[in-house]
Amino acid sequence: MRDPRYDILFEPMAIGPLTAKNRFYQVPHCNGGGYRDPSAAAAMRATKAEGGWGVIFTEQTEMHHSSEITPFIELRLWEDKDIPSIAKMAAAMKTHGALAGIQLAYSGINGPNMYTKEVPLAPSALPIRTFTNDPVQARAMDKTDIKNLRRWFVNAAKRSKLAGFDLICLYGAHGFGIFQHFLSRATNQRSDEYGGSLENRSRFAREVLADLRDAVGDTMALTLRVSLDETIGQLGFSNAEVRDFIAMNAELPDLWDLAMGTWEDCSGPSRFKEEAAQEAWVTGIRDLSPRPVVGVGRFTSPDVMARMIKQGRLDFIGCARPSIADPFLPRKIDEGRIDDIRECIGCNICVTGDMTQGMGRCTQNPTWMEEWRRGWHPEKIAAKGESQSVLIIGSGPAGLEAARAAALRGYDVAVAEALETYGGRVARERQLPGLSAWGRVADYRLYQLGQRSNVQMYPGSRLSAEEVLAFGFEHICVATGSTWRADGVARQHVVPMAIHPQMPVFTPDDLMAGRIPSGRVVVFDDDHYYMGGVLAELCAQKGCDVTLVTPSAFVSDWTANTLEQSQIHRRLAGLGVAIRLNTGIAAVQAGGVETSCTYTDARGLIECDAVVLVTSRTSDDSVFLDLMARQGDWADAGIRSVKVIGDAAAPAPIAWATHAGHRYARDLDAPDLGDALPFRREVTQIED
Ligand code: ADP
Ligand code: SF4
């Protein structure tokens, strides 16, 4: 039964000529699949429909070939030929009464056109602004270009309607969409009637919205997505100007979709941004226009959502990441199943699908983007097969997810954990600065396991192969994790580095166990994800004089993919951490580290009292290896299978471990596929 406090979230709401069945609004979000994997992307949206969202959007859809953002994989609507694949997505969105929205993007100053080789067009002639600083400039649009672009929007709108969409979102946020490029003085330096005053800079948006209203506005709702502040100071489209713009054009779209700053600002990880982080920026905007307002803020708490509506901040609760982590979030609130919500942890692994052109992954929801490929549903799973019992060794993300999913299938599940605390690496990492929300990976799963009578948990049970053979479980899942190396082996050093025994050397495991160095500390980061930066932050907080040394050109290099690299650098610089980029460590000496330039191998010395090595990890797979060595004893012990998963198989981010755990449970008693591909794939149709 739904808690009446949340009734307000389920009120139907008008958007232009249409009515959304509730206030849950899945804002546009990328997924890595896009035009390359249209059926996978469509099936992913279908789970949101089933999960109760009132409005569901596509990712950004490139609406004309003269503006595209290769290498990033979004959707395309360049010609009629593109209609069937996006129509499949629209149909999937509408299966449970949701409104289907398409986000039309013309990337302007953000589109380098690496695929189409067209000259980019933008309000003013400036270098293309992308993550990769492509060496390309845009040509300033003349009046004919503007007229053409208006017509292209109309063409795209008509195709969207044909494809079955209900809403069109015009993208003008995050520095990515041309509407912002016209609205901001930073990117619009024109001297004609499209530049200068706010009135003039708004002209393009007014014209396109008027064109679309004529073309499709009788049946479709039109929304405009802008950032609440461009976050580049007064020259940019600031919060004050956004308010002026909305007040001046109060009835322009059917709904205001308010994002924030750049994508990094808008989708900041939980390490840097709290839930509802944009509240101050959005407060009061609803009073400027009669049109409804949607905003985002990694909303996972129904209390916060209800408050945002009751206090008049928003009309719709916009979610991207919370809808990825739990596509069934609205339904769970509706059914009074608040404790079952799989809360987003704000790690931004989902973003890496887009950033790496890989396939989207979610740490919390391993079924994300596997709905079509592998037939995985976020809430449903096949009943168990012929065997009965599973022993899972290790309660990290891999073990807990394997246990949760296997238990859901109906197996008798036992989880043995060496320590008194469950959660593995997550139990440790949640104690680090800014990472407390990551604990939800364990909390969600432990709660689910606690609800089931077919699960036995055994803390304080460090198992040996001998003990496992004595127990009589049919399936053994080894999820025993990994340990950080203390010998410097990673990328710079593929064999142990020279380390003087007089220098105190610490690993991340030491620091997470509370053994903190003191004095002058060198943190050597040859891992390049978050750990080096987090530990530099921790040591600085504890009063150490910290120097971060990395062979990379960037602090925490890979976190560019999780949209936090610049924030990490800023935070460390703010804490007074000395940052030495493009620098390796040739040797750890008694009184300091001998550095080596990545490019010239020029040597230097940093004197220090301790070294923290953030390099690589070794799998803790001894139980697995011991069991494999005793394969001859399995039949007598009743063992049908022994598998190693997660970090114990090969160390990787937490999302890899939850994926491995989930896959393990799905594969129990499944037929052997032999050499066949273990997932479905969409292959481009060859033209005649
Ligand atoms: P993953 O990310 O693959 O889930 P973790 O390192 O987070 O790996 O978790 C592994 C867990 O397994 C840790 O909590 C660790 O204490 C536990 N563990 C390791 N060896 C054993 C063992 N022999 N018996 C039981 N638990 C173990
Ligand atoms: Fe949230 Fe992380 Fe999942 Fe993204 S990957 S939805 S940030 S839990």
Residues Glu370, Glu79, Glu429, sorted so that the one with the fewest Cβ neighbours within 10 Å comes first: Glu79, Glu429, Glu370
Cα-centred dipole magnitude for segment 444-546, charges only on beta-carbon of K, R (+1) and D, E (-1), debye, nearest 20: 220 debye
Protection proxy ranking of 30-36, 195-201 - average other beta-carbon atoms within 10 Å, highest first: 30-36, 195-201
Of the DSSP H helices in the chain, those whose Cα atoms cover at least 27 Å axially and whose Kyte score averages -1.0 or more: 143-163
Charge dipole (debye, nearest 20) of segment 4-355; +1 at Cβ of Lys and Arg, -1 at Cβ of Asp and Glu: 300 debye
Segments 542-555, 255-268 sorted - mean Cβ within 10 Å per residue, highest first: 255-268, 542-555
Among the listed pairs Lys332/Lys384; Lys88/Lys161; Lys21/Lys273; Lys88/Lys158, those beyond 21 Å (Cα-Cα): Lys332/Lys384; Lys21/Lys273
Rule-of-thumb Rg ratio for the chain [Cα; 2.2 N^0.38 Å; N residues]: 1.01
Percent breakdown of C-alpha pair distances by 10 Å bin, ordered from the shortest bin, for segment 46-184: 13, 41, 31, 13, 2
Solvent-free Debye scattering, log10 I(q)/I(0), computed from the Cα coordinates of segment 4-355 at q = 0.07, 0.09, 0.12, 0.15 Å⁻¹: -0.25, -0.43, -0.80, -1.32
Rg/Rh for segment 526-566, where both radii come from Cα atoms and Rh is the Kirkwood radius: 0.98
Inter-site label distance for Arg374 and Met248 at 7 Å from Cα along Cβ, in nm: 5.1 nm
Centre separation in Å (Cα based) which lies between segment 183-198 and segment 425-488: 57 Å
Ser518, Ser124 arranged by Cβ crowding within 10 Å, fewest neighbours leading: Ser518, Ser124
Estimated FRET transfer efficiency (Asn200, Arg630; beta-carbon r; R0 60 Å; 0.05): 0.15
Listed residue (Ile516, Leu613, Met497) projecting farthest to the positive dipole end of segment 487-617, Cβ model: Ile516
Orphan Cys of the chain, criterion: no other Cys C-beta under 4.7 Å: Cys30, Cys169, Cys266, Cys319, Cys344, Cys347, Cys350, Cys362, Cys477, Cys597, Cys608
Calculated P(r) of segment 487-617 - Cα pairs past 23 Å, %: 22 percent
Residues Met497, Met248 arranged by fewest to most Cβ contacts within 10 Å: Met248, Met497
Alpha-carbon centroid distance for the pair segment 218-250 / segment 370-399, whole angstrom: 45 Å
Length added when fully stretched, Glu466-Asp287, from 0.36 nm per residue minus Cα-Cα: 57.5 nm
Furthest towards positive pole of dipole, Val413, His377, Ala247, structure part the chain, Cβ charges: Ala247
Normalised contact order of segment 487-617, rounded percent, pairs of Cα under 8 Å and 6 or more residues apart: 34 percent
Cα centre as origin, Lys/Arg/Asp/Glu Cβ charges: segment 392-484 dipole, Debye: 380 debye
Reach of Lys147 by Cα under 15 Å, taken over aspartates and glutamates that are not fewer than 8 positions away in the same chain: Asp192, Glu193, Glu207, Asp211
For Ala138, net neighbour charge (Lys/Arg +1, Asp/Glu -1) across residues whose Cβ lies under 12 Å away: -1
Relative packing of peptides 594-605, 52-63, 224-235 - highest average C-beta neighbours within 10 Å first: 52-63, 224-235, 594-605
Whole-number Å³ per residue for the convex hull built on Cα positions in segment 337-393: 157 Å³
Three-way shape call for segment 222-317 based on the alpha-carbon gyration tensor, with the a/c threshold at 1.5: oblate
Low-density loop cleavage sites - trypsin sites (Lys or Arg not before Pro) in segment 82-179, where at most 10 other Cβ are within 10 Å (DSSP): Lys117
Relative contact order (percent, whole number), the chain, Cα cutoff 8 Å, 6+ residue spacing: 12 percent
Listed residue (Cys544, Asn561, Gly592) projecting farthest to the positive dipole end of segment 537-601, Cβ model: Cys544
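Where a number appears in this text, it was derived from the coordinates with a stated rule and is not lab data. In this text, all values refer to a predicted model and were calculated from it rather than measured experimentally. Virtual Cβ from ideal backbone geometry, glycine too; neighbours counted across all protein chains shown.
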